[in-house]
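Asker: The structure's right below; bear with me while I get my questions together.
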Amino acid sequence: LHTLSPSTLRARLALPLPPRTVGGERDVFAIGDVHGDLHALRAGLVAAGVLEAHTHRWAAGDAVLVQTGDLLDRGPDEYALLRFMRALQRQARAVGGEVAMVLGNHEVLNILGDFSYVLSGKTGYAPFDRLLARSREPLPPSPGQEHVFPHQRGRAAALAPGGLVARTMLDKPVALTVGRTLFVHGGVLSAHVPRLIEWNAATRAFVRGQGALPKDALARADAPLWTRRYSRFDAPPADDDACNELRAVLDATGCERMVVGHTPQPCGANSACDGCVWRIDTGMSAFYGGPAEVLRLGADGQVSVASVDPRASGASDGHGVVWVPAASRSLEVIMSEREKRASGGELSAASRDPLDG
């Protein structure tokens, strides 16, 4: 699939981490699409022990948190989320930890000036107007400037390539590795592997306003930010080709598993292809109404999911948390249980695949 050895490619994609003061591995936490809902993000991270319940400050020591993209669109807290994640990164680094993010397709849509999924009214635009007014920065051209209405100009300028928010908060890679786990928003296909390093560099240059749009990486239906090859709820167990391609990609990158977001999972975060992929978009934002869930890849080798309803009373204080072992979130197990329920009557709305309608 590529000219680099798997170990070299994995190292070139690796998230830089400070050396540990003690031996052993770090805990790694991952959270999926947030879509403008700061309350849901906090509820999930408190549930997993990543945040302190009352101050919402970093509480995970030298652990790593990876957010798999799509902070933006559909919710009211987009700019607050970006600021929160940047502050959380500083707090984590101060104690030897790290907070990282890969770009999602909704970040790219906004960078390109497509605001189709932004909340109507002032909610989605006013924070960016205030930011630019304070910064007194000139307005850079947005790639979609010809389609921008006057009330959208502040957002367009802040998120355009080289804009204040783009270059300071969205300068993120397409894919990264932590240990032997590959993180990406949509998925890495076999054809992507030889170009991942190139695409990471080209994407960051584009977001900074220092290069052209890497269309193959960011703007095609089968790009790493857009593909649903491994994340359709019913596809991988029934699609041996997808699982075989996934395993080939993992072999080529020297990884044991891939973690993706992008596609809401009606039964929460789950694994497929014998644990080779975790799909962690739980639709946690108020827009979708799903649970806030965080995947934990433990330093002890144990994999589990922290789950909490972000709209439940006390959720932000860590109450009502359920820790689910990985075996219970295998898609093969979930599908078997789903078939049993279906044989007894129509599935509930919560159990239906959201891509079917």
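Asker: Of the residues that sit in segment 158-187 and are surrounded by fewer than 19 Cβ atoms within 10 Å (Cβ to Cβ) and of a type in the set (Gly, Ala, Ser), which one is farthest from residue 251 (Cα to Cα)?
Answerer: Ranking the candidates gives 162 first.
Asker: Still on this structure, please answer the following. Exactly one of these conditions fails for residue 281: (1) buried (at least 22 other Cβ atoms within 10 Å of the Cβ); (2) acidic (Asp, Glu); (3) touching a Lys or Arg at 6+ places or on another chain (Cβ under 9 Å). Give me its number.
Answerer: Unmet for residue 281, out of (1) buried (at least 22 other Cβ atoms within 10 Å of the Cβ); (2) acidic (Asp, Glu); (3) touching a Lys or Arg at 6+ places or on another chain (Cβ under 9 Å): (3).
Asker: Just to be sure before I move on: is residue 266 out of contact with any Pro (no Cβ under 7 Å at 6 or more places or on another chain), at pLDDT below 95, of a type outside the set (Phe, Trp, Tyr) and closer than 24 Å to residue 334 by Cα in the structure I sent?
Answerer: no
Asker: Just to be sure before I move on: is residue 203 buried (at least 20 other Cβ atoms within 10 Å of the Cβ), in contact with a Pro (Cβ under 8 Å, 6 or more places away or on another chain) and among the polar types (S, T, N, Q) in the structure I sent?
Answerer: It is true that residue 203 is buried (at least 20 other Cβ atoms within 10 Å of the Cβ), in contact with a Pro (Cβ under 8 Å, 6 or more places away or on another chain) and among the polar types (S, T, N, Q).
Asker: Restricting to segment 29-57, name every residue that is farther than 23 Å from residue 119 by Cβ, open to solvent by less than 30 Å² (accessible area, probe 1.4 Å) and free of Cβ contacts under 8 Å to residues at least 60 places away in the same chain.
Answerer: 51
Asker: Report yes if residue 107 is modelled with pLDDT of 95 or more, farther than 15 Å from residue 34 by Cβ and open to solvent by less than 20 Å² (accessible area, probe 1.4 Å), otherwise no.
Answerer: no
The values are calculated or read from the model by the stated rules, or taken from the named source; none is laboratory data. Here the structure is a predicted model, which is why all the values come from computation and not from measurement. Cβ: placed from backbone, ideal geometry, glycine included. Neighbour counts: every protein chain shown. Quick note on the areas: whole protein, heavy atoms, side chains included, nothing else; ligands and nucleic acids left out. Shrake-Rupley method; radii C 1.70, N 1.55, O 1.52, S 1.80 Å.
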